[in-house]
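*Asks:* A single structure is presented below for examination.
The values are calculated or read from the model by the stated rules, or taken from the named source; none is laboratory data. Only a predicted model underlies this, so the values are computations on that prediction, with no experimental measurement involved. Ideal geometry is used to build each Cβ from the backbone, glycine not excepted, and the neighbour counts take in all protein chains shown. Quick note on the areas: whole protein, heavy atoms, side chains included, nothing else; ligands and nucleic acids left out. Shrake-Rupley method; radii C 1.70, N 1.55, O 1.52, S 1.80 Å.
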Amino acid sequence: MSAALWTSAEALAATSGRALGPAWEARGVCIDSRSVAKGDLFVALAGPNHDGHAFVAGALRDGAAAALVHSIPDGLPADAPLLVVNDTLDGLRALAAAARARSTARIIGVTGSVGKTSSKEMLKLVLDAAGPTHASVGSFNNHWGVPLSLARLPRDAQFAVFELGMNHPGEITPLTTLVRPHVAVVTSVEAVHMEFFASTAEIAAAKAEIFAGVEAGGTAILPRDNPHYRFLRDAAKAAGIKRISGFGSHIEATARLLDFAVDPDATVVFALIGEEALSYRVGVPGQQWASNSLAVLLAAQAAGVPLPLAAHALAGMSAPKGRGQRKHLAWTDGAIEVIDESYNASPVSMRAALATLAAAKSPRGARRIAVLGDMLELGEASASLHAGLAPSVVERGIDLVFTAGPLMQSLHDALPPAKRGGHAADADAAAAQVTAAVKAGDVLVIKGSAGSRMSRVVKALDEQAAAPVASANTGR
């Protein structure tokens, strides 16, 4: 059995807290009592909607080794294993700092307007090929997600990847100084979260905060084709980073995309990495995967992973849930294909999704249908950015577009009438429209910001596809 992630003595020393009850060992760290596993340290965070202290008793009953608390809940056994601190979020950060201090892993931090999670997952895949690798789960990239991910860092990890997110200035600095990456990756700077920024230049400045935490002798990996590349490069230099590499199609890119081809199941990439020509497959279709894979290879190389090993591993990549995951669903007398991009959206990622839909293989006569929800936090330019997707719909030959949400009304109005599948007030109403309109053979992409709840459209299609099977099984 592997060594404990935390002993009670180590956690006590890290947090300067007060221990109650017997000694314990934890093999994980958890903040959600619904997903607590046997042997977890349950951290009772107090949020705006729920206070984790109300769930401490249940977490301990379900097998948690101990609980990190800043007040002692009523109704606990007298010998309940507790670590009492002044504030549980600060306690979690203290655990994270201690985990980082004891680790000998090569650490990679990833930020960017789009492509963070996909790049992080690719890095996890390629680094795993070289040694035990830890990575943040899903999009745990904020003020609690990063400390939680770092507190879970195993003692024996050789590599670790952490995603650092923000939607306001100043949010990345405390995250990167906690993670202290050896390699910092900026995937992109785009018009995302514009509600909180006056320009993309301000977004670039916020992304550049990642350089503040980079360890001495570290490396910065930057998007060479981006208009803000020079700013990012200069910011990295100002932070003392001497090893700076760029990726993209630019002739001066360290990792240069020479060509790529997208088939229904993968993306084939031909690139020049330094002086080495390289051809490899990424197991997910889409131009964005080709570009982001270059950043991944540069970061893996900087972390000490041989380039051929990292490139070969990318063939095993599969899309994370809500980020290009593909489903083939039984539908009437045939099947449909659903490309689930429902996790998030921005103008640049919407265009990439439309390109992926256009490249999808479909039966003769089948339709390519986009189901698009609101792109949130775009600020004053929101209406024009939504309407501005219409030319991409036409250029890519998309047959029908269903739109959902008040902001997407602008796109609906800008589309040629023949391409308007329908507009709905929200995702639930759009789901009803789409399930009624879809025919066997159709290929659909579902995309929108997380707050637009477009995953409900995916769920409705899943349920509609399963309904005939359920009826048959019950004899109805």
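*Asks:* Against the 2.2 N^0.38 Å scaling, with N counting residues, where does the chain land? I'd like the Cα-based Rg ratio to two decimal places.
*Replies:* 1.04
*Asks:* Could you work out [θ]222 nm for the chain from helices alone, using -39500 (n - 2.57) per DSSP H run of at least four and dividing by all its residues? Round to the nearest 500 deg cm²/dmol.
*Replies:* It comes out at -10000 deg cm²/dmol, rounded to the nearest 500.
*Asks:* Rounded to two decimals, what is the ratio between the C-alpha radius of gyration of segment 336-441 and 2.2 N^0.38 Å?
*Replies:* 1.00
*Asks:* Between H168 and R61, what is 0.36 nm times their sequence separation minus the Cα-Cα distance? Round to one decimal in nm.
*Replies:* The span from H168 to R61 would gain 34.6 nm if fully extended.
*Asks:* Right, another one. Leaving out ligands, DNA and RNA, and with a 1.4 Å probe, what % of the accessible surface on the chain is carbon or sulfur?
*Replies:* 52
*Asks:* From the gyration tensor of the Cα coordinates in segment 40-102, what semi-axes in whole Å does the equivalent ellipsoid have, largest first, with each one equal to sqrt(5λ)?
*Replies:* That gives 20, 14, 10 Å for the three semi-axes.
*Asks:* When the expected Rg is taken as 2.2 N^0.38 Å, what fraction or multiple of it is the alpha-carbon Rg of segment 44-175?
*Replies:* Against the compact-globule rule of thumb, the ratio is 1.17.
*Asks:* Go through 182-192, 154-164 and give me the packing order, highest mean Cβ count within 10 Å leading.
*Replies:* Sorting 182-192, 154-164 by mean packing, highest first, produces 182-192, 154-164.
*Asks:* Ok, one more. Dipole of segment 133-252 (Lys/Arg Cβ +1, Asp/Glu Cβ -1, origin at the Cα centre): which of P181, P169, Q158 lies farthest to the positive side?
*Replies:* Q158
*Asks:* If r is the Cβ-Cβ distance from H143 to S35 and R0 is 22 Å, what FRET efficiency results, to the nearest 0.05?
*Replies:* The pair H143/S35 has a calculated efficiency of 0.65.
*Asks:* Modelling each spin label as a point 7 Å along the Cα-to-Cβ direction, I'd like the A335/S362 distance in nm, to one decimal.
*Replies:* A separation of 1.6 nm, rounded to one decimal place.
*Asks:* Right, another one. Just to verify a number: FRET efficiency for A440 and E380, C-beta to C-beta distance, R0 = 35 Å, to 0.05?
*Replies:* Working from the Cβ atoms, E equals 0.25.
*Asks:* Further question on the same structure: Modelling each spin label as a point 7 Å along the Cα-to-Cβ direction, I'd like the L272/A78 distance in nm, to one decimal.
*Replies:* Using points 7 Å along Cα→Cβ, the separation is 7.7 nm.
*Asks:* While we're looking at this one, here's another question. Full-extension gain between D225 and D156, please, as 0.36 nm times their residue separation minus the C-alpha to C-alpha distance.
*Replies:* So the extension gain works out to 21.1 nm.
*Asks:* Could you check the spin-label model distance between H50 and A3? Points 7 Å from the Cα along Cα→Cβ, value in nm.
*Replies:* A separation of 3.3 nm, rounded to one decimal place.
*Asks:* What are the trypsin sites (Lys or Arg not before Pro) within segment 340-372 that DSSP puts in a loop, where the Cβ has at most 15 other Cβ atoms within 10 Å?
*Replies:* K361, R364
*Asks:* Ordered by packing density, taken as the mean number of other Cβ atoms within 10 Å over each peptide's residues, highest first, how do 63-72, 327-336, 288-297, 251-260 rank?
*Replies:* Highest-to-lowest ranking by the protection proxy: 288-297, 63-72, 251-260, 327-336.
*Asks:* Per residue of segment 84-97, in order, report the coupling 6.51 cos²θ - 1.76 cosθ + 1.60 (Karplus, θ = phi - 60°) as ³J(HN,Hα) in whole Hz, putting x for Gly and Pro.
*Replies:* With coefficients 6.51, -1.76 and 1.60, one gets 9, 10, 5, 8, 5, 5, 5, x, 5, 4, 5, 4, 4, 5 Hz.
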